[in-house]
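Here is the structure we will look at, set down as structure tokens.
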Amino acid sequence: MEGIEHRMIKVNGINIHIAEKGEGPVILFLHGFPELWYSWRHQILALSSMGYRAVAPDLRGYGDSDAPDSVESYTCFHIIGDLVELIDVLDPDVGKVFVVGHDWGAYMAWLLCLFRPDKVKALVNLSVPFRRFDREIKPVDVRKANYGDDYYISRFQEYGEIEGEFAEVGVERVVKEYLCDFPVLLPKGKLFKRPLDEPITLPSWLTEEEANYYVTVFQKTGFTCPINYYRNLGRNWELLGPWVGSKIKTPAKFIVGDKDLVYGMPGMKEYIHNGGFKEDVPSLEQVVVMKGVSHFINMEKPEEISSHIYDFFCQFH
């Protein structure tokens, strides 16, 4: 990771760790679960060589960033508050940057554009599309109805429970299971499909050394604070009431793999391709579905994703 610089920035009452490289317009990269700034390592190197300043934080609760104790400190408003102040530090003159998000980072990037469109020049989001707020049923209840009690989001709700089960399995196994094949169902007593004595073969896009970077960091931090994002889904749903019917007007491009667990959710393909997504994000300029690619798209297809980002953002100079 030659030439990538690391520093801490105080924003919104906490310290956020960022990794950065390059000079030029800022691209802010937002990671997902269970990830770190490191998931953007390929894009940082690529985009910094193309005339951009690539910046990837560890979101609050992750890696070297501060991790407040209370579950309530991980609502969308806390995260967006961190990002708004971070953007002002990174671009003090205008306070406006390019943004790329994946997974939870994509969810937060959509909301950043919804709450503070003045902060985002253009957006490339991966894996998770913007979804209109359904006021009839809470998001965790929707997941439970569709997938049952073993669904990972259902299993993440009870504070401390899944962390105890993860501890029994061990951090290394948990991290590698997630990065290899994001497990959607986590049955009690048999969290993962593979027997625990069966070694994990890493995918071709992830080396042992790269996987161990995640393992080392999560051994230090644990999973509680990252899982607290999921524990705020219901609270976010309540707080987002005033934005029902709001549309995202930031120029946007969306990329998803056809084997991504998100793309396979009930109704998702219809929403993305049959007009619903475009209705909610009128300035959505392009949807790209990458064949044979699953959830960790920016690591699986680093060169293609970097090219997609560059091709889109270079229109907005």
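The values are calculated or read from the model by the stated rules, or taken from the named source; none is laboratory data. As the structure is a computational prediction, the values presented were derived from the model and not from experiment. With ideal geometry, Cβ positions are generated from the backbone for all residues, glycine too; neighbour counts draw on all protein chains shown. Each accessible area value is taken on the protein alone, full model and side chains, heavy atoms only, with ligands, DNA and RNA left out. Shrake-Rupley method; radii C 1.70, N 1.55, O 1.52, S 1.80 Å.
For region 293-317, name all the residues that are out of contact with any helix residue (DSSP H, G or I) (no Cβ under 9 Å at 6 or more places or on another chain), modelled with pLDDT of 95 or more and loosely packed, with under 15 Cβ neighbours inside 10 Å.
Within region 293-317, ASP311, CYS314, GLN315, PHE316 meet the criteria.
Going through region 42-63 one residue at a time, which ones are of a type outside the set (S, T, N, Q) and within 17 Å of the chain's Cα centre (by Cα)?
HIS42, ILE44, ALA54, VAL55, ALA56, PRO57, ASP58, LEU59, ARG60, GLY61, TYR62, GLY63
Return the pairs, sorted by first residue and then second, in which the second residue is surrounded by 15 or more Cβ atoms within 10 Å (Cβ to Cβ) and in a loop (DSSP other than H, G, I, E, B), the first residue lies in region 276-294 and is free of Cβ contacts under 8 Å to residues at least 60 places away in the same chain and at positive phi, the beta carbons are less than 8 Å apart, and the residues are 6+ apart or on different chains.
Hits for this filter: GLY292/LYS259.
Restricting the search to region 113-158, which residues are open to solvent by 20 Å² or more (accessible area, probe 1.4 Å), small (Gly, Ala, Ser) and not in a loop (DSSP other than H, G, I, E, B)?
Selection gives ALA145 alone.
Keeping to region 244-277, report how many residues are surrounded by fewer than 16 Cβ atoms within 10 Å (Cβ to Cβ), at pLDDT 95 or above and of a type outside the set (Gly, Ala, Ser).
Here the count works out to 8.
Scan region 174-185 and tell me whether some residue there is among the β-branched types (Val, Ile, Thr) and at pLDDT 95 or above.
Yes, region 174-185 has at least one match.
From VAL97, VAL89, VAL84, which residue is open to solvent by less than 10 Å² (accessible area, probe 1.4 Å) and of a type outside the set (Lys, Arg)?
VAL97
Inside region 167-198, can you point out the residues that are among the basic types (Lys, Arg), in contact with a Leu (Cβ under 8 Å, 6 or more places away or on another chain) and assigned to a loop (DSSP other than H, G, I, E, B)?
Hits for region 167-198: nothing passes.
May I ask you to list pairs of residues, at least six apart or on different chains, whose Cβ atoms are under 9 Å apart, with the first in region 158-170 being touching a residue at least 24 places away in the same chain (Cβ under 8 Å) and the second being among the basic types (Lys, Arg)?
So the pair list comes out as TYR159/ARG231; ILE162/ARG155; GLU165/ARG155; GLU165/LYS188; PHE166/ARG173.
Considering only residues of region 167-186 that are farther than 19 Å from PHE296 by Cβ and among the hydrophobic types (A, V, I, L, M, F, W, C), which is most open to solvent (accessible area, probe 1.4 Å)?
Among them, the one singled out is ALA167.
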